[in-house]
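First up is the structure itself, then whatever we jot down about it.
The values are calculated or read from the model by the stated rules, or taken from the named source; none is laboratory data. Keep in mind the model is a prediction, meaning the values are calculated, not measured. Here the Cβ positions follow ideal geometry from the backbone for every residue, glycine too, while neighbour counts run over all protein chains shown.
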Amino acid sequence: MGHAFKTEQWVAYPVELVFAFFASPGNLQALTPRWQRARVEETVLRPPPPRPVAAEPALRLRSVAAGEGSRITFSFRPFPFSPLRLPWEAHIVDFEWNSHFTDVQVRGPFAAWHHRHSFETETRANEDGVPIHGTLVRDEIEYEIGAGALGRFTNKIFAQRRIRKLFEFRQRQLAKLLPRLFAGLPFAGQRPPLPPQP
């Protein structure tokens, strides 16, 4: 594909919680700017493989997840105050619990779009030097606009910047949402990482 975008963000929550949040199509709207008025129009969910049983009971979640073969159709405004809505149909083409999943655009504004979401346990120290068991969230996107030289020009002056801004917004939202969603759980910067499992 012609263009690529990569970004990552570390959050102070276990991978089981962070992955479950992203794997649920219902959370998509919360990660898009309000002016886009994004909404899920249709979902056809295929069950993922059985969820691994976490050692800690608080991480044994029962949440909706879009497994491989799932189809999510949503629509959004391409510009603020636009009367037009663009459809986007994405298919999940691979899925591995607490590791990664990939969506590809089947119908939408790009000639092609391949988005791999990956999640990795990573320990970092807080301000006091205490190690925190968290998750590194990575997004790797390959996309094509099409239209030859015009598409390359459009990417350079518009699309690349818009994609970067959308992911910056998503990262700010994630930093606000996770503390609210997981309030009261004994994680988030409050304890050292779990010992390795035998």
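Brief remarks on what is shown
- Within region 21-52, tally of residues that are in a strand (DSSP E or B) and either touching a helix residue (DSSP H, G or I) at 6+ places or on another chain (Cβ under 9 Å) or within 17 Å of Ser118 (Cα to Cα) (or both): 3
- Scanning region 100-115 for residues that are free of Cβ contacts under 8 Å to residues at least 24 places away in the same chain, outside any loop (DSSP other than H, G, I, E, B), over 20 Å from Ile163 (Cα atoms) and within 15 Å of the chain's Cα centre (by Cα) turns up at least one hit.
- The one condition from (1) among the β-branched types (Val, Ile, Thr); (2) modelled with pLDDT under 95; (3) surrounded by 12 or more Cβ atoms within 10 Å (Cβ to Cβ) that Ile92 does not meet is (2).
- Qualifying residue in region 35-45 (condition: touching a Gly at 6+ places or on another chain (Cβ under 8 Å), at pLDDT 95 or above and farther than 18 Å from Ile163 by Cα): yes
- Remark: pairs (first residue in region 36-63, under 30 Å from Phe169 (Cβ atoms) and acidic (Asp, Glu); second residue modelled with pLDDT of 85 or more and surrounded by 12 or more Cβ atoms within 10 Å (Cβ to Cβ); Cβ separation under 7 Å; 6+ apart in sequence or on different chains) = Glu41/Thr73; Glu41/Phe74; Glu41/Ser75; Glu42/Thr73.
- Members of region 23-63 found to be touching a strand residue (DSSP E or B) at 6+ places or on another chain (Cβ under 6 Å) and hydrophobic (A, V, I, L, M, F, W, C), listed by number: Ala38, Val40, Val44
- Complete set of residues in region 1-35 that are more than 17 Å from the chain's Cα centre (by Cα) and among the polar types (S, T, N, Q): none
- Residue in region 174-195 that is of a type outside the set (Asp, Glu), modelled with pLDDT of 85 or more and outside any helix (DSSP H, G or I) present: no
- Candidates Gly129, Gly69 - the one that is in a loop (DSSP other than H, G, I, E, B) and closer than 21 Å to Gln9 by Cα: Gly129
- From the list Arg164, Arg170, the lone residue that is charged (D, E, K, R), surrounded by 14 or more Cβ atoms within 10 Å (Cβ to Cβ), touching a residue at least 24 places away in the same chain (Cβ under 8 Å) and part of a helix (DSSP H, G or I) is Arg170.
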